[in-house]
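Below is one structure, written out as structure tokens; the observations come after it.
Each reported figure results from applying straightforward, stated rules to the coordinates on display, with no laboratory input. Treat the numbers as computed from the prediction; the structure is a model and nothing was measured. Positions of Cβ are backbone-derived with ideal geometry, glycine not excepted, and every protein chain shown enters the neighbour counts.
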Amino acid sequence: MRIAKVILVAVGATLTAPLALAGDTPEEDRKETVEYFQQKFPDVPLEEFVNGQYALDEDRRKQWESMSDFPPFEFAVAEGQEMFETPFANGKTYASCFENDGIGVRQNYPYFDTEKKEVITLELAINRCREANGEEPLKWKKGPIASISAYMASTSAGKKFDIEVPNDDALAAYQAGKEFYYTRRGQLNFSCASCHVQNPGNWIRADLLSPMLGQVANFPVHRAKWGEMGTLHRRFTGCNRNVRAVPLEAQGEEYRNLEYFMTYLNNGLPVVGPATRP
Amino acid sequence: MYKPLLILTASLALSLPALSQAGAKEDFNEVYSKVESTHNQAGTYQWTTTANQLKAAKEAADSGDYEKALEMAEQALKYAEQSLEQRKQQQEKWPAVAIGN
């Protein structure tokens, strides 16, 4: 944790918000975020940010490319497809719960449900679909739900994220997610932004920090460290814990709002999940 | 000749820890519930540090070592107070560091 503290001090010393124009609609946030990261990494093409740390480091990228012939998530995608296509006890399938039968829709998640007034993530939609059809919900962070999510993402490869903020309730959810991203938590007193806005491209122990822009587009992921697939909220849990903050519930309101905010910033960037990460 | 003195010393030696243990138990319970409520007030800003420390304090109390438990609970209280303070401060400060604000 010593390195973490050194970075913290550095962050405290250099922390100046990029000069911003007045007003903060999600679209203005997104444009300024894109600008911020393009200035920070002028050699990285915009679409590359979805590859996280691999967009920032040549060695890491080579290791990654050498894996791409036999990506470790292939098995999960195949398993996910089988589960996706296997009928529930009532004879229906997941397809019945989704637009376009659930094929090629990842880029529209999470969305804001204006009637229920809440953010619906892909994993939440998967479990709600199960429950609506009389099945038990799956665990949120790994296992079958990650496989189904991986399969659904794979059918959306290359589609551009298109997240909308349709009304004031949605805007409040977006703002809550934004607040979460920028507020310092835990004994180490880090915000998500301390690492992923202020320090992407820097190393923190053996890890190379990815930029905020593009985060989410590659999920779910197969991590070498996990030795298996995990969902985005599993990753949130880990990042909270690393700064000694008590993680919140996977698919609870806070993490869903956080995902909503983060994914909005990916609008126009391609779906590249599932992916591999160290 | 030395007997009364011996007994006196012995009884003091025995009763003092017992006495202070009884006081420590009450003190511990009081501090412990204060930590719990402060930790709860921290809401989404809770520290694992506090939670771990509180658990360790509880374990010490369960094993009967109330002095150690009290000491640990007091440290946990400091963590909980810091996390609550962090919550208050961050809710005001974050907009100044956010892109787009």
The set of residues whose placed amide H lies less than 5 Å from the amide H of A:PHE161, leaving out same-chain residues fewer than 5 positions away, is A:GLY268, A:LEU269, A:VAL271
Applying the span-like rule to chain A (DSSP H, Cα extent along axis at least 20 Å, Kyte-Doolittle mean at least 1.6) gives none
Filtering GluC sites (Glu not before Pro) in segment A:81-117 by DSSP loop and by at most 11 other Cβ atoms within 10 Å leaves A:GLU115
Dividing the helical contributions, -39500 (n - 2.57) per DSSP H run of n ≥ 4, by the residues of chain A yields a 222 nm value, nearest 500 deg cm²/dmol, of -12500 deg cm²/dmol
Residues whose modelled amide H sits under 5 Å from the amide H of A:MET229, counting only those 5 or more places away in sequence or on another chain, are A:GLY143
Two pseudo-spin positions, 7 Å from Cα along C-beta at B:LYS78 and at A:LYS139, lie apart in nanometres by 3.7
Shielding of B:40-46 by other chains, given as the mean Cβ count within 10 Å, works out to 4
Projected onto the charge dipole of chain A (unit charges on the beta-carbon of Lys, Arg, Asp and Glu, signs +1, +1, -1, -1), the Cα from A:GLY102, A:ALA55, A:PRO200 with the largest positive-side position is that of A:PRO200
Checked against the positive end of the charge dipole of the protein assembly as shown (+1 on Cβ of Lys and Arg, -1 on Cβ of Asp and Glu, about the Cα centre), the farthest of A:LEU209, A:VAL272, A:GLY252 is A:LEU209
Residues whose modelled amide H sits under 5 Å from the amide H of A:GLU118, counting only those 5 or more places away in sequence or on another chain, are A:ASP113
Answer in debye to the nearest 20: the dipole magnitude of segment A:74-154 about its Cα centre, from +1 Lys/Arg and -1 Asp/Glu charges placed on Cβ, is 240
Length gained, A:PHE88-A:ALA206, 0.36 nm per residue minus C-alpha separation, equals 38.1 nm
The lysines whose Cα lies under 20 Å from the Cα of A:LYS141, excluding any fewer than 8 residues away in the same chain, are A:LYS225
Quick shape check on segment A:143-190: root eigenvalues a ≥ b ≥ c of the Cα gyration tensor, a/c under 1.5 is rounded, otherwise prolate if a/b tops b/c, else oblate, and it reads oblate
Honestly the protein assembly as shown on the Cα gyration tensor test (a ≥ b ≥ c root eigenvalues; a/c under 1.5 rounded, otherwise a/b vs b/c for prolate or oblate) is just prolate
Here, trypsin sites (Lys or Arg not before Pro) of segment A:95-187 satisfying both criteria (DSSP loop; at most 14 other Cβ within 10 Å) are A:LYS116, A:LYS117, A:LYS139
Each label sits 7 Å from Cα toward the beta-carbon; between A:ARG61 and A:GLU28 the label points are separated, in nm, by 3.4
Computed from the beta carbon distance with a Förster radius of 51 Å, FRET efficiency for A:ILE103 and B:GLU71 to the nearest 0.05 stands at 0.25
